Amino acid sequence: MPGLEDLYREIILDHYRNPRNRGELPAPPAVRVEGFNPLCGDEIIVFLDVSDDQVVDLRIGGQGCSISQSSASMMSAAVKGKTVAEARAVIRAFKSLMSIHEQRLDGDDSSGADEDAEVKLGDLEALQGVVRFPVRIKCATLSWNTLSQGLDEALAAAAS
């Protein structure tokens, strides 16, 4: 199939073979959130430590295809150490890269759009070829949706 070689660029395979931030964080302080794609069986577990409005640490677990697992690895490297607002901006920018049809989890379809244009995605741009294969977009965005849910849970826990 033409273009499939572009989809599996070396950077994607590197993150699949050598995932960054793989493992678990102890609970508490970590929030544990699971994401699952029943269509293909991809599973992502995000362990998230948020303190003082910053993603202090983030680890990933789970199993699935090379796209879901490399996207999770790249996501963990992209948001670790960022503020929650910066992490949400990266989430929006990545999901925008994947598809204009993908719904944003935070329900915000316009706020932060100007700031998101400033977000540099770096290695994450290697996943841009996924948009040519619509069935694989859910694989690439699974960890991002799971992270968004984890940020919501971490902030709710901090507020209580």
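How much net charge surrounds Val31 when only other residues with a Cβ under 14 Å from its Cβ are counted (Lys, Arg +1; Asp, Glu -1)?
Charge balance near Val31 sits at -4.
In sequence order, region 15-25 has phi-based couplings of 5, 6, 6, 10, x, 8, 6, 7, x, 10, 10 Hz under the Karplus curve 6.51 cos²θ - 1.76 cosθ + 1.60, θ = phi - 60°, and Gly or Pro positions carry x.
How much length is gained on full extension from Ser96 to Arg22, taking 0.36 nm per residue of separation minus their Cα-Cα distance?
On the way: separation 74, 0.36 × 74 = 26.64 nm, distance 2.55 nm.
Taking 0.36 nm per residue and subtracting the Cα distance, the gain is 24.1 nm.
Here the residues Ser143, Ser73, Ser160, Ser51, ranked from fewest to most Cβ neighbours within 10 Å of their Cβ, fall in the order Ser160, Ser51, Ser73, Ser143.
Just so you know, all these numbers are worked out from the coordinates, no wet-lab data involved. Nothing here was measured: the structure is a model prediction, and the numbers come from that model. Cβ: placed from backbone, ideal geometry, glycine included. Neighbour counts: every protein chain shown.
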